[in-house]
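Notes for the one structure printed next.
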Amino acid sequence: MASSDLTHRPIHQQTPTTNDDDMNRKKPKNSAAAARGLKSLSVAVALPLSLTLLDIFLFGSSSRYRTLHKPFYVPPLWALHLACITTAFLSGLSAWLVWAEGGFHRHPAALALYLVQLALSLVWYPLVLRAGAVRLGLLLCAALFGALVGCARAFRNMNPIAGDLVKPCLASALLLAAANVRLVYQ
């Protein structure tokens, strides 16, 4: 009879004991990891955001675009700037979410897509507003839209929230395309 050999432990022995030294040792590890995560998040968001702001500052003012008669579907220049800043922020945040889960190591094509969309979005201002290459800008907008669709799909496979964060960036690419179409057919 194996059941007669069973004994119950007293209640004070059933719960594991924790002393203050164990809790103090674990806390710095968690706070150090949180600090590293916060630093990497700030770099992942601040780098594309600062590059976009610099791009807008250097190439974002166009008297040709300001004086252009715009129908209702063509956004004003401030809306284009806001859309590009929002795209930089959201794409940086989504890239960080993928990176935090190790997604760029497992799927390096996702990193390539992110870098391509960042480069294409940075090239639009100098190409279209400064150099006036509006037909080439249309091709750039199509490539940007394709890169963003690729980012959304690749990011969604690794982190669904990161994939959803790229969706508003698609609307931003459409705004750039609408502005660019108006510049071509002015």
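Taken together, the values in this text are just the output of simple stated rules run on the coordinates, not laboratory data. It should be emphasised that the depicted structure is a prediction, and the values quoted were computed from it without experimental measurement. Glycine gets a Cβ as well: all are built from the backbone with ideal geometry, and neighbour counts include every protein chain shown.
The range 107-145 and the range 149-186 have Cα centres separated by 11 Å. 3J(HN,Hα) couplings calculated from phi for the range 72-79 with the Karplus curve 6.51 cos²θ - 1.76 cosθ + 1.60 (θ = phi - 60°) are, in sequence order, 4, 7, 9, x, x, 4, 5, 5 Hz; Gly and Pro show x. Tell me the net charge near Ala112. Cut-off is 14 Å between Cβ atoms, Ala112 excluded, with +1 for each Lys or Arg and -1 for each Asp or Glu. Summing Lys/Arg as +1 and Asp/Glu as -1 gives +2. Of the residues Leu97, Leu111, Leu183, the one whose Cα sits farthest towards the positive end of the charge dipole of the range 88-186 is Leu183 (charges of +1 on Lys and Arg Cβ, -1 on Asp and Glu Cβ, taken about the Cα centre). Computed from point charges on the beta carbon alone (+1 for Lys and Arg, -1 for Asp and Glu), the dipole magnitude for the range 38-186 about its Cα centre is near 320 Debye. Modelled label positions at Arg130 and Ser42, each set 7 Å beyond Cα in the direction of Cβ, lie 2.9 nm from each other.
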